[in-house]
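This report refers to the structure that appears directly beneath it.
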Amino acid sequence: MLDADAFLQNLSSRIDGFMYSGLNNADYNMTYLSDGFERLLGYDVASFLRNGTSFSSLIHADDLPAVDAAVGAALSASARWQISYRVKTAGGRWKHVLETGGGRADAAGEIAYLDGIVIDFGRANDLADRIQSGQAALDAIDRASDQMIEMLRSLKMLSLNARIEAARSGEAGAGFGVVAKEMGQLAALGDDVTKAVGTELGHLKSALRL
């Protein structure tokens, strides 16, 4: 037979966040919090529940209206809500979290309780920031590649001019011919490298947009 408490404890230990059950009121008073609440935010679960601390008081003032609106709209539509917001830790820092929840009716059929899960959303934000930084770096490399292409075009023109001068000067222009050949080979090699870099940049940009 399944031990519900053991199941919840095991499930809670596997997520970077916490599960909750609380009252459907403006303070979002909690009646149950998994151990992950303390791991994520630093508050002692027993004390938090015993003191009847308002969970809404932990939500950033700029985010609370959006949270209230999301919960209210979901309850009106008999649906779940999902919203990210900032919540204050016991140490006074703000942590980004993502909450998914839904309403639960009492014996009279009224939506009296809210149940859900709150997870650490900071890691997702960090990943997004890294992707954005990576995109910026790729754009910078792309611009540098464009400049290299322009330089190679100039080098090709110089090589062509050197060949023309070598042809005009005959034996006296033999030195021009050697220089022109070397410049042409260098330009061709640089062109191949630049094209390869451009192809790889395209692949990386496509991957970052996924």
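The values are calculated or read from the model by the stated rules, or taken from the named source; none is laboratory data. Note that the structure is a prediction, hence the values are computed from the model and not measured. Note that each Cβ is placed from the backbone with ideal geometry, even for glycine, and that neighbours are counted across all protein chains shown.
Just a few scattered comments:
- Residue count for segment 32-44, restricted to those that are more than 14 Å from residue 87 (Cα to Cα) and either modelled with pLDDT of 95 or more or surrounded by 19 or more Cβ atoms within 10 Å (Cβ to Cβ) (or both): 4.
- Residues being in a helix (DSSP H, G or I) and either among the hydroxyl-bearing types (Ser, Thr, Tyr) or within 27 Å of the chain's Cα centre (by Cα) (or both) - total across segment 30-80: 22
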